[in-house]
Amino acid sequence: MKTNDVILQFTAKLVFFIIFLFSVHIFMAGHYTPGGGFVGGLLAASAIVLLILAFDLKTVQAGFPINYRIMTAIGLVLALGTAAFPMFDGKPFFTHYFDYFDLPFFGKTSLHTAMLFDAGVFLVVVGVTMTIIQSIGEDE
Amino acid sequence: MEIVMAFVIGFLFMAATYLMLSRSLLRIIIGTGLLSHGAHLLILTMGGLGGEAPPVLADGVEASQFADPLPQALILTAIVISFGVTAFILVLAYRAYQSLETDNTTLMKGSDDDAQ
Amino acid sequence: MNLIVAIFLPILAAFFIPLLYKRVKSLHTGWFVLLVPLSLFLFYTTFVKQVANGETFTSTFHWVESLQLSFISYIDGLSLLFSLLITGIGSLVVLYSIFYLDKSKEQLHNFYVYLLLFMSAMLGVVQSDHVITLYLFWELTSISSFLLIAYWFNRDASRFGALKSMMITVFGGLLMLGGFVLLSMMGDTYSIRELIAQAPQLAEHEYFTWALILVLFGAFTKSAQGPFYIWLPDAMEAPTPVSAYLHSATMVKAGIYLVARFTPIFASSELWIWLVTATGLFTLVWCSFFALKQTDLKGILAFSTVSQLGLIMALLGAGSMSYHVDGAAETVFKYAAFAAIFHLINHATFKGSLFMIVGIVDHETGTRDIKKLGGLMSIMPISFTVAMIGSLSMAGVPLFNGFLSKEMFLTAMLSITEFGLFSFDTFGVLFPIIAWIASVFTFAYSLYFVTHTFMGTYKPDALPKKAHEAPIGMLISPIVLAALVIVIFFIPNIVATYFIKPAVLAIQPFLYSDVSQIDVHISAWHGFTTELWMTLGIFVVGGLAVMTLKKWQHFYNRVPAGFNMLYDAAINVSDTGMNRLSRLYMTGSNQTYLLYMFASFVVLVIGTLFTQGGFTMSWAHTAPIRFYDLVLIAVLVSGTLIALVTKSRLTSIIGLGVVGYSVAMFFVIFNAPDLALTQLVIETISVALFLLCFYHLPKNSRKENRMRFQVPRFIISVAVGATVTLVAIAAQSQKMMTSISEYYKETVYSLAGGGNIVNVILVDYRGFDTLFEIAVLAIAGLGIFAMIKLRIGDKGKEKKQLENK
């Protein structure tokens, strides 16, 4: 079944970037306003799903040659590493550090190790969701 | 409102239980889906529904006005876990269907001494 | 601390064995293993001189201090003797196994790991001063014995024997634990030494008899005494080095050790003396009688081992009598415990060498069936000589150490009649008679063993392999043991000074306070005493019995296999009974199990609410009901109803979606923006997933069968729903304490540096939850990946479709 879906594909490309950027935004903002790793990750995954719907699995895979299982593993390691790091400093497991910095261009910004942990969550969520979808989609 | 919600949640649980006790795999999965929705609402209701503002620090909002953040955090964890579990059993059922060509749990067992 | 490390050294070494086995192919793994027992043996010999002077050594390692659980290694005469036996015989057995087990055919790493595990466990048993750790090591010996018996796990007989030994010894071990717990409750201490110190008070206690019986169960099952002997003949399926080590020289002597170690506590009891002595004698005569029935060489040795252990046991029982005799140190009762230890050493030497010879015969001829063997004397002269020495020692013939301890045994049994207490003066006369009969059989089977294997006619056609003498490496260990058999005969008193007397001091502290007080002197010649005439009688009658064996051996077939049948019946009944019981409720149907779960959920929750007074309802502090709340509820309920009643699969998926989205809307109106966002996205992806799976299914399955309305299902569903409603109302009505959320709200900015409390809880306050949650998520994802990508083909072959794309 070959259908002409140029419009869908074009819109999907456009919307993909919008959703993806929104997911990054919502992830970054998560510590102060609604959002965070989970939602961010899910949104990013759904952006990719949208592309898969508009094109097909092979095209999208060629566009993003990412092994999502490894992505999941990286996420887990990042989260665990952030949590375990303070132990080398003599502090209890899961101690977070944060401070405020005056960065050029961004202005007064807070940097927080919880962000790193959240990034781990983000990666795991994207990795797992995409693994599931890809596995089912590839199955004949 | 909490009392009304209690009955809604009870209804969700009832429907979920009824579906889970059926023999069709898809119904069982939909039953578990309903069950987790019910559980999420239950946690939320238990924490109280009277909050006037989201639990996010903002100017002009007192701490006493926040909705209870703890149940929300618990539910957020639960949502993601239930997504993982639902996806897992969904694929399990799909694969079982592919291999055994049935979605009836009694037939899957391979015998029919069960009267239901 | 050194002593504790020494106990655990074999286990630590075991970690490297698989590595060495994999890496070093050219050298037999056994050579590395040999270093462990050998170095430990040398380590323990350094203690001999000091212990012989009556010194003791302790070292403690606190394990779980709050439970008063610690490893206490206590070295006195008794434990040092056993440690030397374990490591000494262990070295010889490992050396022997290097030639016995082929490095290219056998799973050597398994074998040596089990063997080292056993070595640690056994050292732990004999050195522990703490009853609980003693029990732990005790069970570890059972487990390693199980693994070693089942080493050739492809054979049915091996698995059967392994299971049987495990069943019986673990059963006894558990009872023994009960005894230990009773003892430690009575004495308020776990230390054996402290328990011994309070022995007189313990004897007054009402649980004393129970503790005694339970501890004896452990000892008797482990040492295969009384009716429990049945596991040892079946354990002979183990490789011969294992039989020589565990099932003759060391593990089966753990029961002897236990009885010896607890003698100071229990000797005051009449029951103890009767049980230990009578069980020992019964086993001695019963198994020596049945040894003549066996046609398997290892079978003969197994029955012989059990009966010899019975002899030692009986001697220990008689030794306990000295507790009740005034001035026992001057009477003959001083002999009993002494003879027990002496025979223990002798038995280890001659029985070890005999087992190794059987292994050699098996290895070189391919069979252990005595009917096929014969006339090997000229082909295997060295093996024959060693076997002859071992057998004659076992038979109690002069010039070999077995003679000395056999004489002492007869002396001890004769003296029982003189013991005035506990009606031993009336029944006591039976004891020397039984002992004599048993000795006749012992003499007979010893000769039966050696003559039918090495003498008579050589039957080359019956043998699977062409017989020849074993390689020299295999012969070293039995020759060393056989040499000891002769050496001990000539220098028994040196052995007594260094090994026996310190051990006797540990068994009979109520009799002696110092080694120098033990004035037993072993001599081969006592003059023309009753014992000598008894021995001569044994030789004559026993010799006649062997010569006429062919004429009366068939009588054995008429004797039923009593205890074995009991065991088989018990296993059978429990097997089928349990099977039937579990089939009653394990129907194999999902619905039944779910029914159990839901029903117990309802009963437990309602029960708890009822007993805890959870039914007080209050309508206060509830949020107001708004119009759009009601609209949303209507949407949610109708979505549920659609999912519930529809026959079309697509519609039911959509129904579930409706419910999901309306839950998201609830999150919006109840001020939970994070939840609402997450729920919205998740619901979208979930529905996509459902449809994706649905899309892949064949068309004809897109309709469900009509669901028939079923009353029991409906009742359970309503009960579950009502329970949850009650819980929700009860939770709303009663606030027992202030929520921890207040703390989160106050500190979210100052301590955690965040503004979104929900997210801060997730990544900071309760980060552990999130960490494990993403772990679960990752596992689910990998599980799905595996389910789809890994297929087991029709022929059971894995078709891996795991190419990275």
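Brief remarks follow.
- Listed residues C:286, C:272 arranged by accessible area, highest first, probe 1.4 Å: C:286, C:272
- Counted charge near residue C:149, where neighbours are those whose Cβ lies closer than 15 Å (Asp, Glu -1; Lys, Arg +1): +2
- What the phi angles of the range C:378-386 give under the Karplus curve with 6.51, -1.76 and 1.60, with θ = phi - 60°, is a coupling list of 6, 7, 10, x, 5, 4, 4, 4, 4 Hz, glycine and proline written as x.
- Nearest-10 value in Å² for the accessible area of residue A:89, using the 1.4 Å probe: 90
- A dipole drawn for chain B from +1 and -1 charges on Cβ atoms has a positive end, and of B:45, B:21, B:33 the residue lying farthest that way is B:21.
- Applying a DSSP loop filter and a limit of 13 other Cβ atoms within 10 Å to the GluC sites (Glu not before Pro) in the range C:139-211 leaves C:206.
- Convex hull volume of the range C:466-624 per residue (C-alpha atoms, cubic angstrom): 564
- Heavy-atom accessible area with a 1.4 Å probe sorts C:247, A:25, largest first, into A:25, C:247.
- Karplus-based coupling profile of the range C:44-60, in residue order and whole Hz: 6, 5, 5, 8, 3, 5, 5, 5, 4, 7, x, 7, 10, 10, 10, 8, 10, with θ = phi - 60° in 6.51 cos²θ - 1.76 cosθ + 1.60 and x standing for Gly or Pro.
- Every Cα-Cα pair of the protein assembly as shown was included, and the share exceeding 47 Å stands at 51 percent.
- For the range C:590-739: rounded, prolate or oblate by the Cα gyration tensor [a/c cutoff 1.5]: oblate
- Note that the range C:408-415 has calculated 3J(HN,Hα) couplings of 5, 4, 5, 4, 5, 5, 4, 6 Hz, one per residue in order, obtained from phi through the Karplus relation 6.51 cos²θ - 1.76 cosθ + 1.60 (θ = phi - 60°); glycine and proline are x.
- Full-extension gain in nm, residue C:740 to residue C:494, via 0.36 nm per residue minus C-alpha separation: 81.0 nm
- Cα-projected label distance for residue A:14 with residue C:106, points at 7 Å along beta-carbon direction, nm: 7.9
- Charge tally around residue C:208: other residues with Cβ under 15 Å, Lys/Arg +1 each, Asp/Glu -1 each, net -4.
- A cut-off of 5 Å between modelled amide H atoms, ignoring neighbours fewer than 5 places along the same chain, links residue C:755 with A:32.
- Each other residue within a Cβ distance under 15 Å of residue A:36 adds +1 if Lys or Arg and -1 if Asp or Glu, for a net charge of -4.
- Taking label positions 7 Å along the Cα-Cβ direction at both residue C:385 and residue C:539, the computed distance is 2.3 nm, reported to one decimal.
- Placing R0 at 25 angstrom, the Cβ-Cβ distance between residue B:4 and residue C:601 gives a FRET efficiency of 0.60 after rounding to 0.05.
- Spherically averaged projected area of the range C:128-232 from its Cα convex hull (nm²): 6.5
- The largest-to-smallest principal axis extents of the Cα set in the range C:203-273 are 47, 20, 15 Å.
- Two-decimal Rg/Rh across chain C, once Rg and the Kirkwood Rh are taken from alpha-carbon atoms: 1.13
- Legend: mean number of C-beta atoms from other chains within 10 angstrom of residue C-beta atoms, peptide C:637-646, equals 4.
- Cα centroid separation, the range C:432-508 to the range C:242-308: 17 Å.
- Per-residue extension of 0.36 nm, minus the Cα-Cα distance of residue C:789 and residue C:582, leaves a gain of 71.0 nm for this segment.
- Extension gain (nm, one decimal) between residue C:570 and residue C:213, 0.36 nm per residue minus Cα-Cα: 126.3 nm
- Those residues of the range C:359-398 whose amide nitrogen sits under 18 Å from the label point placed on residue C:557, 7 Å along Cα→Cβ: C:370-372
- In this calculation the C-beta distance from residue A:21 to residue C:709 is compared with R0 = 45 Å, giving a FRET efficiency of 0.30.
- Taking the Cα centre of the protein assembly as shown as reference, the dipole from Cβ charges on Lys and Arg (+1) and Asp and Glu (-1) amounts to some 3560 debye.
- Computed accessible area, residue A:5, all protein chains, 1.4 angstrom probe, square angstrom: 50
- Residue C:692 - accessible surface, heavy atoms, 1.4 Å probe, Å² rounded to 10: 50
- The alpha-carbon atoms of the range C:267-586, seen along their principal axes, cover 65, 64, 38 angstrom, with the largest extent given first.
- On the basis of the beta-carbon distance and an R0 of 51 Å, residue A:97 and residue C:43 show a calculated FRET efficiency of 0.50.
- Rounded to the nearest 5, the antiparallel percentage of DSSP beta bridges internal to the protein assembly as shown is 95%.
- For the range B:68-99 versus the range C:112-134, the gap between their alpha-carbon centres in whole angstrom: 47
- For the range C:27-115, diffusion coefficient by Stokes-Einstein and Kirkwood Rh (Cα), 37 °C, 0.692 mPa s, µm²/s: 217
- nm² value of the averaged projected area, convex hull over the Cα atoms of the range A:6-138: 9.8
- These residues, C:293, C:465, C:351, C:49, go from largest to smallest accessible area, 1.4 Å probe, as C:49, C:465, C:293, C:351.
The values are calculated or read from the model by the stated rules, or taken from the named source; none is laboratory data. Given the structure is predicted, the values throughout are model-derived calculations rather than measurements. We place every Cβ from the backbone using ideal geometry, glycine too, and count neighbours over all the protein chains shown. Heavy atoms of the whole protein, side chains included, go into the accessibility calculation; ligands, DNA and RNA do not. Shrake-Rupley method; radii C 1.70, N 1.55, O 1.52, S 1.80 Å.
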